[in-house]
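Read-outs: derived from the displayed coordinates by stated rules, not from any lab. Computed from a predicted model, the values in this text were never measured in an experiment. Methodologically, a virtual Cβ is constructed for each residue, glycine included, from the backbone with ideal geometry; neighbour enumeration extends over all protein chains shown.
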């Protein structure tokens with residue numbers, strides 16, 4: 001009897017075989033690595049693991065578009081950095097503003113409105129925006145091989161989670177549609193929120209203060225807080241995912257730790273040519289501990305899912 | 001055709017009929033109040049709503065037992081308040097130490113260990129401790145009528161969550177077994193946690209600092225952070241649940257807001273005789289807005305589930 005290949009967009013090779021062998025092992029009720037369904041938890045970084053993060057984090061593209069959209073209400077931005085740089089397309093000045101500049105832009109574009117209003121703003125943006133290189137909506141840029149992994153895991157009783165440095169509510173606007181991950185299985189960075197009654201109607205107001213950054217050490221901390229159990233599979237693509245992979249791989253039973261390496265300049269990006277984030281410590285640890293490293297160029301037949 | 005009563009421990013009356021009518025309405029695909037399964041979310045306070053909170057919050061009983069168990073390693077506690085009061089059973093002095101005293105006790109009993117160690121400590125305690133009045137394990141003290149509600153909701157496509165001022169990891173030790181609520185659907189108060197490598201092995205260390213108090217305004221804030229969607233049903237028993245009920249009831253479609261009123265001195269506790277927390281603002285709002293108020297004495301045939 002032949003069953004359909006659950007990972008048709010993957011070339012035959014070690015990564016594909018490692019993923020399939022892991023799922024077979026933990027679902028084999030008679031085998032030594034069997035894991036009951038309630039403990040089959042898999043966590044996925046988002047930026048660079050489930051969708052592209054080049055030339056900009058998609059959420060940063062959203063924030064820059066919002067600055068341009070809101071500029072009419074903020075005449076002072078024409079002469080105030082880092083907003084002036086955004087409006088003038090002056091990427092050098094914007095880059096020099098660094099993390100503090102990014103935080104100002106995020107504060108001005110992600111706070112001040114209610115949670116319901118922000119959700120609508122994000123959904124409206126996704127409905128119209130497109131990627132500058134691929135000329136497709138961002139919602140059509142999920143990595144097809146990773147969608148196959150998500151679906152194969154869920155078909156085998158796994159619960160799948162996004163665990164990302166990206167904003168939790170920004171991801172929730174697209175996570176179910178793009179990845180089949182419902183809002184309560186999305187974990188991300190967040191700002192503080194205040195509950196208040198406006199004329200008797202309760203609202204949640206987004207404040208311009210960081211509450212939590214879901215990156216590096218923060219990822220296992222957030223996994224424990226939101227999920228309360230250690231995952232048995234983790235997928236990432238940068239040093240920001242190293243601790244999540246460590247925590248997952250250190251569990252008592254069989255586990256799967258996967259790093260996606262961006263090696264395909266033609267079809268996506270080669271981070272050796274156009275660096276994004278860092279993949280050094282996590283890659284060293286992957287090689288040392290035998291984690292699975294995926295080369296997008298060599299291991300993936302297709303890059304993007306159709307919408 | 002007659003189907004079994006899904007709420008056999010409830011007397012016939014307005015609360016039982018309100019719960020059944022709500023579930024019928026939101027699951028009726030042809031009706032005006034239909035809600036798709038992905039939006040059928042129900043949140044439950046824990047202390048006083050799913051299990052007793054008298055004569056002490058169960059988590060406080062755990063903390064006091066831990067002080068007694070750990071006292072051998074802390075000779076200084078014999079002469080240091082509030083620990084001395086715990087060891088001497090001096091409830092007047094303990095009460096006078098107030099919230100600051102409780103925080104010292106919680107810090108000394110809930111922090112310093114890893115997340116894995118704390119989980120074992122809590123499970124071991126539940127395996128041996130029993131309620132001082134009912135002489136049964138705490139795990140046998142879930143309110144049977146509420147278990148029926150949880151099961152009826154889940155049988156109708158609802159996802160059920162605990163949203164409590166209690167400690168998130170303390171509840172997770174029993175939530176699946178007692179309520180059928182898995183760890184990732186438990187939301188509660190939490191302390192800060194630090195990720196570290198100990199001899200190459202990753203651990204999450206519980207720190208003696210409060211991270212978040214999941215009470216009053218904090219409940220809708222936490223619901224948005226953890227769940228990311230507004231529930232359509234909420235169950236509470238005190239003013240600490242008022243904002244959660246407000247937020248739920250203010251949704252765009254049909255909703256159910258329920259307050260459990262402790263009125264049964266014989267079978268449980270009558271808070272008019274032995275006050276616990278406060279139920280004043282939430283009860284006034286329930287009467288004003290037509291929320292459902294459950295009298296334990298009048299509406300519940302049975303109080304406790306068997307283990």
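Quick one: with label points 7 Å out along Cα→Cβ, list the inter-copy distances for residue A:275 in nm, shortest first?
The answer, with the shortest distance listed first, is 6.4 nm.
Using only Cα atoms, find the angle between the long axis of helix B:144-155 and the longest principal axis of chain B, and express it within 0 to 90 degrees, rounded to the nearest 10.
Its long axis makes an angle of about 60 degrees.
In whole Å, how far is the Cα centre of the stretch A:231-274 from that of the stretch B:189-245?
When both Cα centres are located, 28 Å separates them.
Relative to the other copies, what are the label-point distances for residue B:69, with labels 7 Å from Cα along the C-beta vector, expressed in nm at one decimal and sorted shortest first?
Listed shortest first, these distances are 5.3 nm.
Determine the equivalent ellipsoid of chain B by diagonalising the alpha-carbon gyration tensor, then write out the semi-axes as square roots of 5 times the eigenvalues, largest first, rounded to whole Å.
Equivalent ellipsoid semi-axes, largest first: 35, 22, 18 Å.
Could you calculate the contour length gain from residue B:120 to residue B:70, that is, 0.36 nm times the residue separation minus the distance between their Cα atoms, to one decimal place in nm?
16.5 nm
Fully extended, how many nm does the chain gain between residue A:79 and residue A:38 (0.36 nm per residue separation, minus their Cα-Cα distance)? Could you put the intermediate results ahead of the total?
Numbers: separation 41, 0.36 × 41 = 14.76 nm, distance 5.52 nm.
Stretched out fully, the residue A:79 to residue A:38 stretch lengthens by 9.2 nm.
R0 = 56 Å: FRET efficiency of residue B:93 with residue A:289, Cβ-based, nearest 0.05?
Step by step, r from the Cβ atoms, then E = 0.60.
Rank A:266, A:184, A:239 by mean-square fluctuation in a GNM of chain A with C-alpha springs under 10 angstrom and give only the top-ranked residue.
Largest GNM mean-square fluctuation: A:266.
Let me have the relative contact order for chain B, percent, based on Cα pairs under 8 Å that are six or more residues apart. Don't skip to the end; give the middle numbers.
Numbers: 491 pairs, mean separation 72.8, N = 307.
Relative contact order of chain B: 24 percent.
Taking a temperature of 4 °C and a viscosity of 1.567 mPa s, what whole-number D in µm²/s does Stokes-Einstein yield for the stretch B:228-280 with Rh from Kirkwood over alpha carbon pairs?
On the way: Rh = 12.2 Å.
It diffuses with D of about 106 µm²/s by this estimate.
Fully extended, how many nm does the chain gain between residue A:12 and residue A:177 (0.36 nm per residue separation, minus their Cα-Cα distance)? Before the final figure, lay out each step's value.
Details: separation 165, 0.36 × 165 = 59.40 nm, distance 2.83 nm.
So the extension gain works out to 56.6 nm.
Where the Cα atoms of the protein assembly as shown are projected onto their three principal axes, how long is each span, largest first, in whole Å?
So the three principal-axis extents are 75, 60, 54 Å.
Per-residue ellipticity at 222 nm for chain B, helices alone: DSSP H runs ≥ 4 residues times -39500 (n - 2.57), over residue total, nearest 500 deg cm²/dmol?
Values: 13 runs with 118 residues, N = 307.
Calculated mean residue ellipticity at 222 nm is -11000 deg cm²/dmol.
Let me see the P(r) profile for the stretch A:58-128: every Cα-Cα distance counted, bins of 10 Å, each bin given as a percent of all pairs.
Each 10 Å bin holds this share of Cα pairs: 20, 55, 24, 1.
Determine the relative contact order of the stretch B:58-128: mean sequence separation of Cα pairs under 8 Å and six or more apart, normalised by residue count, in whole percent.
That works out to 33 percent.
Which three semi-axes in whole Å describe the equivalent ellipsoid of the stretch A:74-219, each the square root of 5 times a Cα gyration tensor eigenvalue, listed largest first? Walk me through the numbers on the way to the answer.
On the way: eigenvalues 166, 95, 48 Å².
They are 29, 22, 16 Å, listed from largest to smallest.
Taking the beta-carbon count within 10 Å as an exposure proxy, list B:102, A:105 from fewest neighbours to most. Intermediate results must be reported in sequence, preceding the final value.
Numbers: B:102 16, A:105 21.
Lowest to highest Cβ neighbour count: B:102, A:105.
List B:43, B:116, A:67 from most exposed to least, where exposure is judged by having the fewest other Cβ atoms within 10 Å.
Details: B:43 30, B:116 13, A:67 20.
Fewest-to-most Cβ neighbours within 10 Å comes out as B:116, A:67, B:43.
In the P(r) worked out for the stretch A:6-140, what percent of Cα pairs fall beyond 27 Å?
Numbers: 3851 of 9045 pairs.
The calculated P(r) of the stretch A:6-140 puts 43 percent of pairs beyond 27 Å.
Considering only B:145, B:55, B:202, give the residue with the highest GNM mean-square fluctuation for chain B, with springs between Cα atoms whenever their separation is below 10 Å.
Looking only at B:145, B:55, B:202, the largest GNM fluctuation is found for B:202.
Based on alpha-carbon atoms only, what is the radius of gyration of the stretch B:188-269 relative to the globular estimate 2.2 N^0.38 Å?
Numbers: Rg = 17.9 Å, N = 82, 2.2 N^0.38 = 11.7 Å.
Relative to the 2.2 N^0.38 Å estimate, the stretch B:188-269 comes out at 1.52.
Along Cα→Cβ at 7 Å, what distances in nm separate the residue A:3 label point from those on the other copies, shortest first?
3.4
Counting other beta carbons within 10 Å of each residue's own, what order do B:153, A:87, A:150, A:99 fall into, fewest first?
So the ranking, lowest neighbour count to highest, is A:99, A:87, A:150, B:153.
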